[in-house]
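Participant: Below: one structure in structure tokens.
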């Protein structure tokens, strides 16, 4: 018998804050292999939790080497999707100089004040609401001011997706979607780094910029493989829809963050937009995407832990709860928030302390939590749509499995065609597609994403 023919595949590492994922896709972007892991966080020099970059590197190399040596698969290309707002700083020898600082790590207020004094408010020009370390450009400014000796040693600062690519190629690069995701570095009006970046010589730390569609032909363990340069995960999640849907749409990408992405609104952001928590993401061609975001998934996790403790239920109990129309009808008319959120600002209707004793059951409290979160979600979606003539909304990501969230989305946006997907692999598929030359169409979305049509809840309309 002849040797077994290996299946040609594209490999993708999709690195989230919680789960690190590895996928192999066939030529039709069907998953033929997957592997997940989670890595325990370590702490930086200030005791703040952060990614264990060395443990992550070990996992990446171990998984990839195993597949390269496999008798089943022939890896033709590999790409990388990761969360944004994160830098790896390298010295002239390619050695890592600092921890991978957590984007939630606070920046001293005196540094923020000094920046504003020197450069004013750059948020509208950079499409970036002021968000501390989430504005990764501010991390470089902070390093220069607070750790000048470390800053001097930096040869290159690589955004997270480009660093993982660098592990395979040894070639330092910058890439548009990472530079354009709430970094404070990019002036969308000039299509260049903002003037403050040049004045602080931070541009000298950033390697040449390429498109996410770039790939490098590399020999890895005596095998020729095309290596992608990596892509920011939210921009990657948007790609399959951009490639497949020609009519204007909005994508609500849910997970740790709920991000509403409008690739059909390319207007300059106003100061009012920034006040409404609007920001810009960037398409692979450098074009702007109007977006809004809020920390829904993170806040949700914090709150369900409190519910579990108060009502003496296991942590996974929330997954068993389905939409209860009677409960919703009972709760919906009170427009005041009942939950005090830890990491979401809701303005004047904020309550200082959540009184869980006011609820008769976990089920009732959970419904109220989802109602409160949906009130914020509804506002952020409308802000992202703006004046764009959109009649279709796609929902992707982890909350597509949340029955209450999905039913409320269908009801709140009953004047739109709302579609939810059953594919949790949006950013991974996008990373695979961006280095492919293949065309796509609406049939791809229907087949690969298993679209489900949402509609208004009749019982609610009759109430």
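The values are calculated or read from the model by the stated rules, or taken from the named source; none is laboratory data. This one's a predicted model, so the numbers in the text were calculated from it and none came from an experiment. Cβ sites come from the backbone with ideal geometry, for glycine too, and all protein chains shown count toward neighbours.
Participant: Checking residue 93 against (1) closer than 24 Å to residue 279 by Cα; (2) in a loop (DSSP other than H, G, I, E, B), which test does it fail?
Facilitator: Against the list (1) closer than 24 Å to residue 279 by Cα; (2) in a loop (DSSP other than H, G, I, E, B), residue 93 comes up short only on (1).
Participant: While we're here: Which residues, taken from the range 96-108, are part of a loop (DSSP other than H, G, I, E, B) and within 22 Å of residue 184 (Cα to Cα)?
Facilitator: Of everything in the range 96-108, those that are part of a loop (DSSP other than H, G, I, E, B) and within 22 Å of residue 184 (Cα to Cα) turn out to be 98, 99, 101, 102, 103, 104, 105, 106, 107, 108.
Participant: List the number of the failed condition for residue 129; all other conditions in (1) in contact with a strand residue (DSSP E or B) (Cβ under 8 Å, 6 or more places away or on another chain); (2) under 22 Å from residue 209 (Cα atoms) hold.
Facilitator: For residue 129, the failing item is (2).
Participant: Going through the range 192-206 one residue at a time, which ones are touching a helix residue (DSSP H, G or I) at 6+ places or on another chain (Cβ under 7 Å) and either touching a residue at least 24 places away in the same chain (Cβ under 8 Å) or not assigned by TED's automatic domain parsing to the domain that holds residue 124 (or both)?
Facilitator: The answer is 194, 196, 197, 200, 202, 205.
Participant: Can you pull out every residue in the range 381-395 that is in a helix (DSSP H, G or I) and out of contact with any helix residue (DSSP H, G or I) (no Cβ under 9 Å at 6 or more places or on another chain)?
Facilitator: Let us first name the residues in the range 381-395 that are in a helix (DSSP H, G or I), namely 381-385.
Scanning the range 381-395 gives 382, 384, 385.
Participant: To continue, here is another question. Given the structure, is residue 140 surrounded by 16 or more Cβ atoms within 10 Å (Cβ to Cβ) and part of a strand (DSSP E or B)? Explain how you work it out, then say what you get.
Facilitator: Details: surrounded by 16 or more Cβ atoms within 10 Å (Cβ to Cβ): yes; part of a strand (DSSP E or B): no.
For residue 140, the condition - surrounded by 16 or more Cβ atoms within 10 Å (Cβ to Cβ) and part of a strand (DSSP E or B) - is not met.
Participant: If a residue has to be under 24 Å from residue 217 (Cα atoms) and not in a loop (DSSP other than H, G, I, E, B) to count, how many in the range 10-33 make the cut?
Facilitator: Matching residues across the range 10-33 total 14.
Participant: Can you pull out the residues in the range 254-263 that are assigned to a loop (DSSP other than H, G, I, E, B), touching a strand residue (DSSP E or B) at 6+ places or on another chain (Cβ under 8 Å) and in contact (Cβ under 8 Å) with a residue 60 or more places away in the chain?
Facilitator: Residues of the range 254-263 assigned to a loop (DSSP other than H, G, I, E, B): 255-257, 263.
After this cut, where a residue has to be touching a strand residue (DSSP E or B) at 6+ places or on another chain (Cβ under 8 Å) as well, the list is 255, 257, 263.
Scanning the range 254-263 gives a single hit, 255.
Participant: Exactly one condition in (1) in contact with a strand residue (DSSP E or B) (Cβ under 9 Å, 6 or more places away or on another chain); (2) not in a loop (DSSP other than H, G, I, E, B) is false for residue 84; which is it?
Facilitator: Of everything listed in (1) in contact with a strand residue (DSSP E or B) (Cβ under 9 Å, 6 or more places away or on another chain); (2) not in a loop (DSSP other than H, G, I, E, B), residue 84 misses just condition (2).
Participant: If we scan the range 300-319, do we find a residue that is touching a strand residue (DSSP E or B) at 6+ places or on another chain (Cβ under 6 Å) and in the same structural domain as residue 411 (by TED's automatic domain parsing)?
Facilitator: no
Participant: Taking the residues in the range 226-253 that are part of a strand (DSSP E or B) and over 20 Å from residue 432 (Cα atoms) as candidates, determine which candidate is farthest from the chain's Cα centre (by Cα).
Facilitator: The selected residue is 250.
Participant: I would also like to ask the following. For the list (1) surrounded by fewer than 20 Cβ atoms within 10 Å (Cβ to Cβ); (2) under 15 Å from residue 207 (Cβ atoms), I need the number of the one condition that residue 159 fails.
Facilitator: Residue 159 satisfies all of (1) surrounded by fewer than 20 Cβ atoms within 10 Å (Cβ to Cβ); (2) under 15 Å from residue 207 (Cβ atoms) except (1).
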